[in-house]
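Pasting a structure here, questions to come.
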Amino acid sequence: MKTLALFDFDGTITTRDTFTSFVKFYHGSVKFTAGFLFFSPLLALMKLGVYDNGLVKNMVFSYFFKGEEEHKFNEKCRSYCTTVLPSLIREGAIDQIYDHTENNNKIVIVSASPENWIIPWAKPLGIDVISTLVEIKDGKLTGLLGSKNCYGPEKVVRINKQLSLSEYDQIEAYGDSRGDKEMFEIATKSSYKPFR
């Protein structure tokens, strides 16, 4: 049986949101706190569904990263993967990933977080990544996302664009939020908050 395993990243494989964790790692506590206090009203409205998730994310991302050098950003992403990310990984998630690996199943992380700090962690494990992209021009981050926010329905759009689902006898999806609802709907087996 040919199986595809689709994993959400933030809150599913990890114990917390890596976007906020990465911002704090990149800029330090003072700028992190000031920035998120500034955006707290918008973030609250986003949680209530008043503002679009992707729009708010783009604004926050621009605030923290517009004009940053691409090489510095990616270097920080790699450093984050070796120094901070290991402490955020759920043991149960790793066990499940290893189980899929042993069974030669295709494993794909599907995440709203930028791929820049997911790929350095996932690639050595043989895991593919479908994720939000960041826009780069002239070697610098523009502050804009280079793709739609890979969240909710967009996860399925990107999955269908990059994978041929008809090739698989079974599709297993792992997630922890409403942003994974549509991904669950295309799966033959769904696991909500499976790793404690």
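Determine which single condition Lys189 fails, assuming it passes every other condition in (1) surrounded by 14 or more Cβ atoms within 10 Å (Cβ to Cβ); (2) charged (D, E, K, R); (3) without any contact (Cβ under 8 Å) to a residue 24 or more places away in the chain.
(1)
Right, here's the next one. Name the single residue that is farthest from Asn149 (Cα to Cα) among those in region 21-51 being touching a residue at least 24 places away in the same chain (Cβ under 8 Å) and more than 20 Å from the chain's Cα centre (by Cα).
Step by step, filter region 21-51, then rank; the result is Lys31.
Say whether the condition of being closer than 28 Å to Met1 by Cα, charged (D, E, K, R) and touching a residue at least 12 places away in the same chain (Cβ under 8 Å) is met by at least one residue in region 128-150.
yes
Kindly indicate the residue of region 61-107 that is buried (at least 17 other Cβ atoms within 10 Å of the Cβ) and among the β-branched types (Val, Ile, Thr) and also farthest from Gly152 (Cα to Cα) among those meeting that condition.
Looking at residues that are buried (at least 17 other Cβ atoms within 10 Å of the Cβ) and among the β-branched types (Val, Ile, Thr), I get Ile97.
Looking at region 140-186, which of the residues that are loosely packed, with under 13 Cβ neighbours inside 10 Å and assigned to a loop (DSSP other than H, G, I, E, B) is farthest from the chain's Cα centre (by Cα)?
Among those residues, the one meeting the criterion is Asp169.
Something else: Please enumerate the residues belonging to region 174-196 that are of a type in the set (S, T, N, Q) and closer than 21 Å to Asn149 by Cβ.
Of everything in region 174-196, just one residue is of a type in the set (S, T, N, Q) and closer than 21 Å to Asn149 by Cβ, namely Ser177.
For (1) within 29 Å of Leu144 (Cβ to Cβ); (2) modelled with pLDDT under 95; (3) not polar (S, T, N, Q), each residue gets a yes or a no:
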| site | (1), (2), (3) |
| --- | --- |
| Ser87 | no, no, no |
| Glu102 | no, no, yes |
| Ile107 | no, no, yes |
| Ser111 | yes, no, no |
| Trp117 | yes, no, yes |
| Pro120 | yes, no, yes |
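Since Gly54 meets every condition but one in (1) within 12 Å of Gly143 (Cβ to Cβ); (2) within 19 Å of the chain's Cα centre (by Cα); (3) of a type in the set (Gly, Ala, Ser), which condition does it not meet?
The single condition Gly54 does not satisfy is (1).
The values are calculated or read from the model by the stated rules, or taken from the named source; none is laboratory data. It should be emphasised that the depicted structure is a prediction, and the values quoted were computed from it without experimental measurement. Ideal geometry is used to build each Cβ from the backbone, glycine not excepted, and the neighbour counts take in all protein chains shown.
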